[in-house]
Structure formats: structure tokens, C-alpha cells
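What follows is a single structure, written as C-alpha cells, with notes after it.
The values are calculated or read from the model by the stated rules, or taken from the named source; none is laboratory data. Computed from a predicted structure; not experimentally measured. Here the Cβ positions follow ideal geometry from the backbone for every residue, glycine too, while neighbour counts run over all protein chains shown. Protein only, heavy atoms only, side chains kept; ligands, DNA and RNA dropped before computing areas. Shrake-Rupley method; radii C 1.70, N 1.55, O 1.52, S 1.80 Å.
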Amino acid sequence: MKRIALLGATGSIGRQALEIVAAHPDLELVAAASGSQEISGLAPLTQVGGDLTELLERAEPDLVLNAVVGFAGAAATLWALEQGVDLALANKESLVAAGELALAARRRGGGLLLPVDSEHSAAFQCLEGRPSETVEGLVLTASGGPFFGRGRAELEEVTPEEALEHPTWSMGPKITVDSATLANKGLELIEAHYLFGLPYDRLEVVIHPTSVVHALVRFRDGASLAHLGYPDMRVPISFALTYPERAATPLSPLDLASGPALEFSAPDLETFPLLATARQAGELGGTYPCAYNAANEVAVEAFLRGRLPFLAIAETVEAVLGSVDGTPARDLDDLTTADREARRLAERALQPA
Ligand code: NAD
Ligand code: MG
């Protein structure tokens, strides 16, 4: 029996995880948490809001699936890494923000860090067991989101409803907007840097509208290994929850002859500047990635509430990154302070002059 604690149980990832757990007799849900929705009865221990690490202390899980959205999941990620409890990580924002702090906690704790993000799960599988000196680089694919192919002028008036119509993945609202701005791929670039220890100049992003190839690893002999499958998060969730067993899922195997097009192109960094901005924040290190994430969370929320035009999301993040000093965090308190300061600056940038 693997005892699972599921954080973010009512979300898009959380609900799909419940499906996987229910279908697998060796997985036992011992705790579940949500942000605001009532979930009593879902697991022996449940919690709505509050300190997630208190729930985890009581639950004593073998594995934490962190599917909370945003920086709110950071303390739980650091707790699992520090305690050496295996962590299935969907909550990319926590690894992006915590960065080196998370890696240090992971070294001390010694548990598994299993990515749930589809691209990173794919890369993890392509990399597994292969010596790092043989790896030349990693390519993350991006669908391009609902606004792929448009120029800046065509994005001035787009509404939250339009941004929430993702072509290939059905996800929570925050990540769906991040996919439309390419901030999601920016966060994923930083996530990949911390997960796989590759420098940014060996991390590449390509647009691939059908989301069939999830990631590709290039090796020094000229070979590349790619991971393919229909876009369905139950595959990486199941992989992480049942690792290393790779349990069966009810999904159909990929049928290439039925015709999902395998087309690739370079991202348009001018129209979608948040991808390049993430790379810069990642290269600067310290708490710059934390500030990038915090400012983006504030700006996306404002966009969803109709307070901010789509193109101003990137402008807000850039303004905040230009105002913070990026001092590395020594602990969670420092990190929380950096996150709060970036949020304050972002809120200020939202106010009309
Ligand atoms: P969602 O908005 O559908 O769900 C978020 C969940 O987090 C909800 O259960 C909510 O109650 C919970 N939550 C929010 N604040 C909380 C708090 N303070 N304490 C406890 N719970 C809290 O989001 P989602 O699409 O499921 O995404 C979750 C995470 O997974 C995000 O980090 C996202 O980037 C990542 N991710 C999602 C997908 C996807 O297909 N949805 C794919 C890859 C990665
Ligand atoms: Mg992803």
C-alpha cells in the first residue's frame, strides 16, 4: 500500500488523481486538502485552507501529490523534500519560486521528486538511468495556446473567455492563461533547470500545436529520445503515483497513422515575451524566479477579473522584475517575504498612474 496525501484535491489535476487512486488497489488516499471547497469524507484526514504542512505531519504519507495552484503550495513542497517523503509535483510554481532552497531540502531529505508536469514527466522518462555527461540538452514542447499565430495587435482586446479556450489541454484557469501568454512554458523552463540540473542554454522550447510530443532529450552522439502520447494528464499523474511500476491506465495507445500532425516551430518571443523573461529571471537566479512567479500570479488574477488587459500581464511582470533585488532566500521565511514583496509591487503596477 502506498499512502497518498493529495493537496489540491478539487482542481483539474486533483480530480484526475482521484480517478487514478480509485482505479489502483495499491494506492490509499490518507489525506486531502483544498483551498476553499468543502471536501469532508474524501479521505480519512481532510483540510480546507490552512497550513498544509500540519495536515502532512498528521497524515504521515508515503507520497505527497502537490496539485495546489501557485506559491500557496511552496511550504508543502519544501516539507516533503526536507522530510524525504516522495513528492509528485504538479505545483511547478513552488519549485520555480523555491529553486535552490528546494534542491538543498531534497539533498537533505533524500526522497524522490517525481514531476507531474507532462513535459517534465516525459523528460524524466527519457533521461532515466542515463549518465548526465551524455546529455546535450532538453527540448520542451508548447502547444502555443489559443493565440498561437497571432501578432501583438491582435491580442490587445482579447478577453479572459478567449484566453481560457485551450486548444489541447483542459486545465485550471491560472495555468490556462499562463499557456496563452507562454508564461507556463517560462515557468517550465525554470522547473526543468531545477529538476534536471541543466543550464538554461541547454534548455529549448518549440511550439508543437497538437501536444503529442511532450519532450525530447538530445544526447551527445546525435541521438534524440522523445516521449509521445495523446495530451492527457492522467498519464503523468499515474506514472508519478505508481512509480516505478508504470501501472496500466484506461487510455488508448497512440495511433500515429490516424494522423495527429507532428509539426514544430520556433516560439514568437516578441508577441509572447514572458517566455524570454522567464529565461532571464532563471539565469539571474536568487529570488528572481520567485518574483517572476508572484508578479505573474497577481497579473493573471487581475486579467481574469477584467482589471488588466492581456498584454499588460507581461508588462506587469517585467516592471516587478526591474524593481526587486533578487537576493537569494535562506529559508522559507525569506522566500515568503520575497513573494509578498513582488506581489505588493505587482499590485502597485496595476494601479492606473
Ligand atoms: P486548479 O485551479 O484546477 O486547482 C487548484 C487546486 O489547488 C484546487 O483544488 C484548489 O482548491 C487548491 N488550492 C488553491 N489554493 C490552495 C491553498 N492555499 N491550500 C490548499 N489548496 C489550495 O489548478 P490545476 O489546473 O489543477 O493546476 C494545479 C497545479 O498543477 C498548478 O501548479 C499547475 O500549474 C499544475 N499543472 C496543471 C496541469 C493541468 O492539466 N491542469 C498540467 C500541468 C501542471
Ligand atoms: Mg506542462
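The sole residue among A22, A72 that is out of contact with any Phe, Trp or Tyr (no Cβ under 8 Å at 6 or more places or on another chain), outside any loop (DSSP other than H, G, I, E, B), farther than 25 Å from P244 by Cα and more than 16 Å from ligand 2 (Cβ to nearest atom) is A72.
Yes or no, residue by residue, for (1) open to solvent by less than 70 Å² (accessible area, probe 1.4 Å); (2) over 24 Å from the mean Cα position of the chain (by Cα); (3) not acidic (D, E):
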{"site": "I4", "(1), (2), (3)": "yes, no, yes"}
{"site": "L18", "(1), (2), (3)": "yes, no, yes"}
{"site": "A32", "(1), (2), (3)": "yes, no, yes"}
{"site": "V48", "(1), (2), (3)": "yes, no, yes"}
{"site": "E54", "(1), (2), (3)": "no, no, no"}
{"site": "R58", "(1), (2), (3)": "no, yes, yes"}
{"site": "D62", "(1), (2), (3)": "yes, no, no"}
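Selection of the stretch 221-236 for residues being charged (D, E, K, R) and not in a helix (DSSP H, G or I) yields D221, D232. Of the residues that sit in the stretch 115-146 and are among the hydroxyl-bearing types (S, T, Y) and assigned to a helix (DSSP H, G or I), which one is nearest to ligand 1 (Cβ to nearest atom)? For the stretch 115-146, the residue satisfying everything is S118. Cβ separations smaller than 8 Å between residues 6+ apart or across chains give the following pairs from the stretch 66-83 residues that are under 15 Å from D117 (Cα atoms) and open to solvent by 10 Å² or more (accessible area, probe 1.4 Å) to residues that are within 16 Å of ligand 2 (Cβ to nearest atom) and of a type in the set (A, V, I, L, M, F, W, C): A67/I13; A67/A17; A67/A90; A67/V116; V69/I175. In the set (1) without any contact (Cβ under 8 Å) to a residue 12 or more places away in the chain; (2) in contact with an Asp or Glu (Cβ under 7 Å, 6 or more places away or on another chain), G322 fails one condition alone, (2). Looking for something closer than 30 Å to T327 by Cβ and within 16 Å of ligand 2 (Cβ to nearest atom) - is there at least one such residue anywhere in the stretch 146-168? There is no residue in the stretch 146-168 that is closer than 30 Å to T327 by Cβ and within 16 Å of ligand 2 (Cβ to nearest atom). If you filter the stretch 132-144 down to residues that are modelled with pLDDT of 95 or more and not hydrophobic (A, V, I, L, M, F, W, C), you find that the one that is surrounded by the fewest Cβ atoms within 10 Å (Cβ to Cβ) is E133.
Do we find that L274 is of a type outside the set (V, I, T), within 17 Å of the chain's Cα centre (by Cα), open to solvent by less than 40 Å² (accessible area, probe 1.4 Å) and closer than 30 Å to R344 by Cα in this structure? So L274 fits the description; yes. Please work out which one of (1) part of a loop (DSSP other than H, G, I, E, B); (2) open to solvent by less than 40 Å² (accessible area, probe 1.4 Å); (3) near ligand 1 (Cβ under 9 Å from one of its atoms) is the condition N184 fails and give its number. Among (1) part of a loop (DSSP other than H, G, I, E, B); (2) open to solvent by less than 40 Å² (accessible area, probe 1.4 Å); (3) near ligand 1 (Cβ under 9 Å from one of its atoms), N184 violates only (1). Of all residues in the stretch 232-259, those that are without any contact (Cβ under 8 Å) to a residue 40 or more places away in the chain have Cβ atoms under 6 Å from Cβ atoms of residues that are within 16 Å of ligand 2 (Cβ to nearest atom) and open to solvent by less than 50 Å² (accessible area, probe 1.4 Å), 6 or more apart or on another chain, in L251/D232.
From L140, L182, L187, which residue is within 16 Å of ligand 2 (Cβ to nearest atom), within 14 Å of the chain's Cα centre (by Cα) and on the phi > 0 side of the Ramachandran plot? None of the others qualify; the one that does is L182.
Within the bounds of the stretch 87-98, is there any residue that is open to solvent by less than 40 Å² (accessible area, probe 1.4 Å), part of a loop (DSSP other than H, G, I, E, B) and within 16 Å of ligand 2 (Cβ to nearest atom)? Yes: the stretch 87-98 contains one or more residues that are open to solvent by less than 40 Å² (accessible area, probe 1.4 Å), part of a loop (DSSP other than H, G, I, E, B) and within 16 Å of ligand 2 (Cβ to nearest atom). For the stretch 232-267, the set of residues classified as among the acidic types (D, E) and more than 21 Å from the chain's Cα centre (by Cα) consists of E245, D255, E263, listed by residue number. The residues listed here are H214, H193; of these, the one that is within 13 Å of ligand 1 (Cβ to nearest atom) and open to solvent by 10 Å² or more (accessible area, probe 1.4 Å) is H214.
Among the residues that make up the stretch 168-181, is at least one of them among the acidic types (D, E), at pLDDT 95 or above and away from ligand 1 (no atom under 13 Å from the Cβ)? No, the stretch 168-181 has no match at all.
Checking V68 against (1) of a type outside the set (S, T, N, Q); (2) under 23 Å from P267 (Cβ atoms); (3) within 16 Å of ligand 1 (Cβ to nearest atom); (4) touching a strand residue (DSSP E or B) at 6+ places or on another chain (Cβ under 8 Å): exactly one of these is not met. Which one? That leaves (2) as the condition not met. Within the stretch 156-178, residues that are closer than 17 Å to S211 by Cβ and open to solvent by less than 70 Å² (accessible area, probe 1.4 Å) sit with their Cβ atoms under 9 Å from residues that are away from ligand 1 (no atom under 14 Å from the Cβ) and modelled with pLDDT under 95, at 6+ positions apart or across chains, in these pairs: T176/E165.
Count of the stretch 187-220 residues, restricted to those that are within 18 Å of T134 (Cα to Cα), among the hydrophobic types (A, V, I, L, M, F, W, C) and not in a loop (DSSP other than H, G, I, E, B), is 8.
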